[in-house]
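In what follows, a structure is listed as structure tokens, so that the remarks can point back to it.
Every read-out reported here was derived from the displayed coordinates using simple, explicitly stated rules and does not represent laboratory data. Keep in mind that this is a model prediction, so the values were computed, not measured. Every residue, glycine as well, gets a Cβ built from its backbone with ideal geometry; the counts of neighbours run over all protein chains shown.
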Amino acid sequence: MYGKIHSACLYGIDGVLIEVETDLSNGLPQTAIIGLPDSAIREAVERVRAAIKNCGFQYPLQRITINLAPADLRKEGSSFDLAIALGLLVTSGQLMLPPQERTLILGELALDGTVRSVPGILAMVDLAKRGGFTSVLLPKENLAEAALIRGIKVYGIRHLQDVIPQIESGKGNAVETKANNHPLILKDYNHLLSSKDAIEMIDPDKGGQPEDSSLEDYHDVLGQHHVKRALMIAAAGMHNILLVGPPGTGKTMLIKRLPTILPPLSEEEALEVTKILSAAGKLKEISQGLVSQRPFRSPHHTISTSGLIGGGSIPKPGEVSLAHRGILFLDELPEFQRQVLEVLRQPLEDRTVTISRARAVFTFPAQFMLACSMNPCPCGYLSAQTDDLSCICSPSRVAAYRAKISGPLLDRIDLQVEVPPPGEWRKAAPSLGSNEMQAKVMHAHRLQAKRYVHTRVHWNSQLSGALLRRMIVLPQEAEQLLQNTLQAMNLSMRAHDRIMKMAQTIADLENEGNVVTAHVAEAIQYRQLDLKIF
């Protein structure tokens with residue numbers, strides 16, 4: 001006897017359709033799972049066997065072969081348990097699923113038949129919709145997350161026995177069994193829904209994560225007008241930024257408030273970010289709908305290369321992908337291992353991460369703003385020489401400290417800003433707050449969206465090549481200033497292009513369509529650390 005049920009698993013951050021084929025034949029009772037399963041899938045035999053018996057069904061005492069197709073694709077995870085169990089019940093004649101429904105089945109089974117949640121539901125339900133399935137059967141705990149995908153019916157169950165409707169006096173959604181040996185024939189899955197369990201489709205436009213009233217505000221920062229200006233430019237064009245200054249000047253405080261001036265995610269971006277978090281198992285609370293706030297990831301400096309960029313036998317997304325469409329904050333930048341920092345060079349250029357393994361190549365999105373902070377030297381007081389505080393670092397120690405940040409990596413950081421010591425701004429009056437700064441940033445984003453409406457570019461920082469030259473035309477005086485600066489500071493052509501993109505962002509903040517010499521001059525002064533510190 002042969003049967004087939006459709007399920008899915010994660011491959012990177014995308015869902016992959018898997019056919020769970022079941023064959024029962026005469027022979028010694030044994031169960032074999034083939035199709036490159038991992039340990040969790042091979043152990044599914046014992047989970048499924050116990051769940052079927054504890055739910056009142058009979059586990060087939062035959063030679064059982066379960067194939068996960070395509071057979072050349074390595075699979076991992078526990079999302080096949082429910083599909084394997086239903087496949088065995090259907091193939092052994094104990095159950096017949098609704099013939100009119102093309103259903104994708106997902107879920108992990110406990111020994112008592114309880115259906116447990118699995119990660120990556122959003123990607124797999126999206127796959128089912130694109131693959132032409134009419135419905136998805138999955139754990140109740142994943143129901144709200146799955147309901148974010150519109151246009152497909154989603155049914156949630158808590159227990160394997162929930163698949164069987166309760167028949168009362170000939171009523172219900174199944175044909176009454178004439179004998180215990182006859183299968184239950186399910187007409188549909190409507191019995192899985194009730195008034196209290198009905199799926200509520202969550203509207204991303206109305207939902208989203210609730211705003212946190214305790215969010216920090218730039219009103220808390222006294223002075224630092226030029227740093228706030230630089231942060232506003234970085235947010236307006238999604239440019240990378242580095243703050244350099246002695247301890248206690250507010251570098252971390254300033255960057256941690258950066259999310260308060262960024263615009264919320266669009267519906268397309270929110271679905272993309274939510275899908276990544278779901279695939280990584282980081283989606284803890286989905287009851288309020290799609291993630292609406294841009295990610296802010298701040299890994300510790302002891303992070304490994306795999307933790308930052310992604311990895312594993314079947315690679316999972318790293319911090320650069322979890323920060324997609326948001327901010328990756330590296331505090332105390334030189335404290336990170338140099339080889340860890342160097343892996344950022346390719347994602348900062350390509351805005352994707354490509355990880356190669358023997359059997360496949362995985363590509364994760366990594367379109368993020370890199371925000372960093374650092375001290376000018378190991379003790380931190382190189383730029384704060386006073387009678388009370390003075391640098392105690394030798395020149396060789398300072399050079400070794402700065403050498404952890406390579407020139408190519410620094411070249412990819414658009415804004416390099418010095419943060420002055422406390423004595424220069426302690427008595428300063430408060431400046432712009434987050435609301436005022438966000439209004440200017442969102443206006444700049446609207447100008448960019450209108451300018452790049454017929455392209456795949458969203459922000460100025462994404463411009464490159466011929467599109468950059470076509471979109472940003474410098475006046476002759478500004479072009480001459482930029483050329484002279486490149487020769488005087490020995491900057492690269494990458495720096496040349498990044499200065500042009502920053503100048504356009506400054507023009508957008510000033511609500512001026514064309515770039516002028518003053519915009520280029522301001523953009524150039526944010527590259528001074530290329531010579532002054534490094």
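List the relative contact order of the stretch 218-532 as a percent without decimals, with contacts defined as Cα pairs under 8 Å and 6+ residues apart.
It rounds to 25 percent for the stretch 218-532.
Applying a 10 Å radius around every beta-carbon, put 300-312, 349-361 in order of their mean neighbour count, most first.
Sorting 300-312, 349-361 by mean packing, highest first, produces 300-312, 349-361.
Size of the dipole of the stretch 218-532 about the Cα centre, Lys and Arg at +1 and Asp and Glu at -1 on the beta carbon, nothing else charged, in debye to 20?
That gives the stretch 218-532 a dipole magnitude of about 740 debye.
Quick one: order LEU468, LEU474, LEU28, LEU330 by neighbouring beta-carbon count within 10 Å, fewest to most.
Ascending number of Cβ neighbours within 10 Å: LEU28, LEU468, LEU474, LEU330.
Give me HIS226, HIS324 ranked fewest to most by other Cβ atoms within 10 Å of their Cβ, as a rough exposure proxy.
Least to most surrounded, the residues fall as HIS226, HIS324.
Taking the Cα centre of the chain as the origin, how large is its charge dipole in debye, to the nearest 20, when only Lys and Arg (+1) and Asp and Glu (-1) carry charge on their Cβ atoms?
Charge dipole of the chain: 740 debye, to the nearest 20.
In terms of the Cα gyration tensor, with a ≥ b ≥ c the square roots of its eigenvalues, is the stretch 218-532 rounded because a/c is under 1.5, prolate because a/b exceeds b/c, or oblate?
Rounded, since a/c falls under 1.5.
Given [x] 92, 47, 45; [y] 67, 65, 49; [z] 84, 58, 53 as candidate values of Cα extents along the principal axes in Å, which corresponds to the one derived from the coordinates?
Working out Cα extents along the principal axes in Å from the coordinates points to [x].
Fully extended, how many nm does the chain gain between THR65 and ALA488 (0.36 nm per residue separation, minus their Cα-Cα distance)?
Stretched fully, the THR65-ALA488 segment lengthens by 145.1 nm.
Would you be so kind as to identify which of ALA518, THR91, GLN293 lies farthest towards the positive end of the dipole of the chain, taking Lys and Arg as +1 and Asp and Glu as -1 on Cβ and the Cα centre as origin?
In the chain, that residue is THR91.
What spacing in nm lies between the two simple spin-label points modelled at ALA360 and VAL16, each 7 Å away from Cα in the Cβ direction?
0.3
Determine, from the Cβ-Cβ distance of ALA521 and MET1 and an R0 of 56 Å, the FRET efficiency 1/(1 + (r/R0)^6), rounded to the nearest 0.05.
That pair, ALA521 with MET1, gives E of 0.10.
Relative contact order, percent, of the chain when contacts are C-alpha pairs under 8 Å separated by at least 6 residues?
Once divided by the residue count of the chain, the mean separation gives 13 percent.
Does anyone have the angle between helix 44-54 and the longest principal axis of the chain? Alpha-carbon axes, 0 to 90°, nearest 10?
Taking the Cα atoms of the chain, the angle to 44-54 is about 50 degrees.
At a 10 Å Cβ-Cβ cut-off, how would you order LYS440, LYS251, fewest neighbours first?
Going from sparsest to densest Cβ surroundings: LYS440, LYS251.
Please name which of PHE80, ILE34, VAL154 has its Cα lying farthest along the dipole of the stretch 2-192 towards the positive end, using unit charges on Cβ (Lys, Arg +1; Asp, Glu -1) and the Cα centre as origin.
Of the candidates, VAL154 comes out farthest on the positive side.
Only helical DSSP H runs with n ≥ 4 go in: add -39500 (n - 2.57) per run for the chain, normalise by residue count and round the 222 nm mean residue ellipticity to 500 deg cm²/dmol.
-9000 deg cm²/dmol
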